[in-house]
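Notes to accompany the following structure.
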């Protein structure tokens, strides 16, 4: 199975879907495309699973588990030409056709200090507020109050940040804080 691997370095990008689509359109060879971020690596098990993969002809893409502080399923392996990336931040790859799941994981290497995390939260919350505005979403007091709490719980419980102990708890708090900033920035941009 021929695979083109695209690695996106996330510095000074203000539209992640546009950047990924630009890279995707430059792929001239390979039946399949695998996207990785600069801070992600394939586990040995995932490399082997991909090498041994005999995809069902009806499958157009595969979700991979990304493990780091949190665990999440992300569509990162797909047939070339089967879809596009959407949304300028928290982007998703939407493919036409059936999708499947691979068992092995991408390893997300997160070694940021507190200053870098706060800087990243400020940057992403601005992009998220702008994306929400472009999508016609409105910020309300209820969203500013409750969405950060839901984001904390989703990160800590659903995405299993609790497995990382105190680091996971702090990361979950920061995810809630990023949600708070995003909706607050959107609210004040309309004032």
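The values are calculated or read from the model by the stated rules, or taken from the named source; none is laboratory data. Every value quoted in this text rests on a predicted model; they were computed, and no experiment measured them. So basically every Cβ, Gly included, is an ideal-geometry build from the backbone, and we count neighbours across all protein chains shown.
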Matching residues in the stretch 152-162 - criterion: being surrounded by 16 or more Cβ atoms within 10 Å (Cβ to Cβ) and in a helix (DSSP H, G or I): 152, 154, 155, 156, 161
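Select from the stretch 126-136 the residues that are loosely packed, with under 14 Cβ neighbours inside 10 Å and either under 28 Å from residue 68 (Cβ atoms) or in contact with a helix residue (DSSP H, G or I) (Cβ under 6 Å, 6 or more places away or on another chain) (or both) and list them in ascending order. Steps first, answer last, please.
First, pick out the residues of the stretch 126-136 that are loosely packed, with under 14 Cβ neighbours inside 10 Å: 134-136.
Correct list: 135 only.
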Cβ pairs under 7 Å, 6+ apart, first in the stretch 163-180 and loosely packed, with under 15 Cβ neighbours inside 10 Å, second not in a helix (DSSP H, G or I): 167/69
Residue check for residue 130: assigned by TED's automatic domain parsing to the domain that holds residue 29 and touching a residue at least 40 places away in the same chain (Cβ under 8 Å): no
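Surrounded by fewer than 13 Cβ atoms within 10 Å (Cβ to Cβ), assigned by TED's automatic domain parsing to the domain that holds residue 61 and over 23 Å from residue 86 (Cα atoms): which single residue out of 149, 119, 98, 103 fits that description? Steps first, answer last, please.
On the way: 149 fails: assigned by TED's automatic domain parsing to the domain that holds residue 61; 119 fails: assigned by TED's automatic domain parsing to the domain that holds residue 61; 98 fails: over 23 Å from residue 86 (Cα atoms).
The unique qualifying residue is 103.
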Residue that is free of Cβ contacts under 8 Å to residues at least 60 places away in the same chain, buried (at least 19 other Cβ atoms within 10 Å of the Cβ) and not in a loop (DSSP other than H, G, I, E, B), where the choices are 24, 46, 64: 64
Residue within the stretch 30-43 that is farther than 19 Å from residue 95 by Cα, free of Cβ contacts under 8 Å to residues at least 24 places away in the same chain and exposed (fewer than 15 other Cβ atoms within 10 Å of the Cβ) present: no
